[in-house]
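The values are calculated or read from the model by the stated rules, or taken from the named source; none is laboratory data. Predicted, not measured: the structure shown is a model, and the values here were computed from it. Heads up, the Cβs are rebuilt from the backbone with ideal geometry, glycines too, and the neighbour counts pull from every protein chain shown.
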Amino acid sequence: SLVSTGELVAKAAAGGRAVPAFNVITLEYAEAVTAGAAAAGVPVILQISENAVRFHGGRVRPLAQAAAAVARGGSADVALHLDHVTDIRLLHEAADAGFSSAMFDAGALPYADNLAATLAAARWAHGAGLWLEAELGYVGGKPGAPASAHAAGVRTDPDEAARFVADTGVDALAVAVGSSHAMTERSASLDHPLIARLREALPVPLVLHGSSGVANDELRRAVSAGVAKVNIGTALGIAFTGAVREALAAKPDGADPRHFLDRGREAVADTVRELCEVVGA
Ligand code: G3H
Ligand code: ZN
């Protein structure tokens with residue numbers, strides 16, 4: 001059933017767990033995430049990024065509504081989140097489209113600009129009843145990432161982060177602690193002492209981005225140190241693409257896309273179930 005992100009993250013944080021948040025590109029992804037979560041018995045977040053919205057021609061409302069309908073039909077608790085928003089006009093559409101939360105991404109900007117933009121976004125989001133995540137430090141590695149004031153991987157400073165959260169009123173903070181977006185190998189090494197210091201310094205849940213590049217043991221350690229939302233995108237792309245490639249090779253003269261879409265969907269559901277057990281159980 002469809003629940004709110006704020007509720008899921010608060011519950012997970014109180015229980016020393018994290019909510020896995022999976023990026024959705026197509027309807028099959030939404031179905032696979034919902035099925036994988038049900039198989040693991042773990043609540044999840046379905047997140048649609050600004051990039052994915054653009055991929056579908058900017059039509060956010062039908063996308064969100066399809067994902068919400070899939071979520072309502074499953075047995076797991078699922079929340080709907082709008083991810084990596086840089087265009088404030090898209091944020092303005094979020095609540096109406098059916099999202100309970102959004103991530104406003106100004107992490108590439110210099111501190112003062114990130115603060116000002118995030119403060120405005122948080123005021124607007126809270127007025128619309130949305131839970132808002134922001135970023136400080138710079139995770140980096142996003143394909144097509146904007147030119148940044150920071151080098152990718154610039155770590156989040158705990159004192160600056162505490163001021164940022166107090167001054168903006170955001171509900172959660174994406175922190176740069178050693179992960180990077182779009183890694184296809186799980187070789188990132190996280191700064192666990194920094195995660196612990198951030199946990200101490202901040203009154204809001206910590207969010208790990210670029211989690212596809214982080215191995216299971218590192219993910220478990222991050223969650224026990226206080227990460228409460230774990231964002232995963234690329235790992236699903238690897239699973240989906242690999243399964244589709246195999247299905248196409250096995251049936252080179254097939255003409256019904258459902259054949260390979262089904263294999264892709266199954267592979268994503270398996271990956272989701274495994275990651276749910278790692279971070280959410
Ligand atoms: O916001 C989305 C995540 O940070 C996904 O990162 O594709 O590297 O797993 P990833
Ligand atoms: Zn991210």
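A few remarks follow.
- Odd one out for F164, checked against (1) more than 16 Å from ligand 1 (Cβ to nearest atom); (2) assigned to a helix (DSSP H, G or I); (3) over 23 Å from D87 (Cα atoms): (3)
- Residue under evaluation A125, criteria (1) surrounded by 21 or more Cβ atoms within 10 Å (Cβ to Cβ); (2) within 16 Å of E50 (Cβ to Cβ); (3) within 12 Å of ligand 2 (Cβ to nearest atom), criterion not met: (3)
- Inside the range 61-89, residues that are more than 19 Å from E28 (Cβ to Cβ), more than 16 Å from the chain's Cα centre (by Cα) and among the β-branched types (V, I, T) make up a count of 1.
- In the range 171-230, the qualifying residues are those that are more than 14 Å from ligand 2 (Cβ to nearest atom) and among the basic types (K, R), and the one that is nearest to V278 (Cα to Cα) is R220.
- For the range 184-200, the set of residues classified as of a type in the set (A, V, I, L, M, F, W, C) and either at pLDDT below 95 or buried (at least 18 other Cβ atoms within 10 Å of the Cβ) (or both) consists of A188, L190, L194, I195, L198, listed by residue number.
- Test for A94: is it within 16 Å of ligand 1 (Cβ to nearest atom), in a helix (DSSP H, G or I), modelled with pLDDT of 95 or more and under 28 Å from F164 (Cβ atoms): yes
- Search result, residues across the range 1-42 that are crowded, with 24+ Cβ neighbours inside 10 Å, within 15 Å of the chain's Cα centre (by Cα) and assigned to a loop (DSSP other than H, G, I, E, B): A18, V24
- The one condition from (1) in contact with a helix residue (DSSP H, G or I) (Cβ under 6 Å, 6 or more places away or on another chain); (2) assigned to a strand (DSSP E or B) that V207 does not meet is (1).
- Options V70, V42; residue that is within 24 Å of V244 (Cβ to Cβ) and either within 16 Å of ligand 2 (Cβ to nearest atom) or at pLDDT 95 or above (or both): V70
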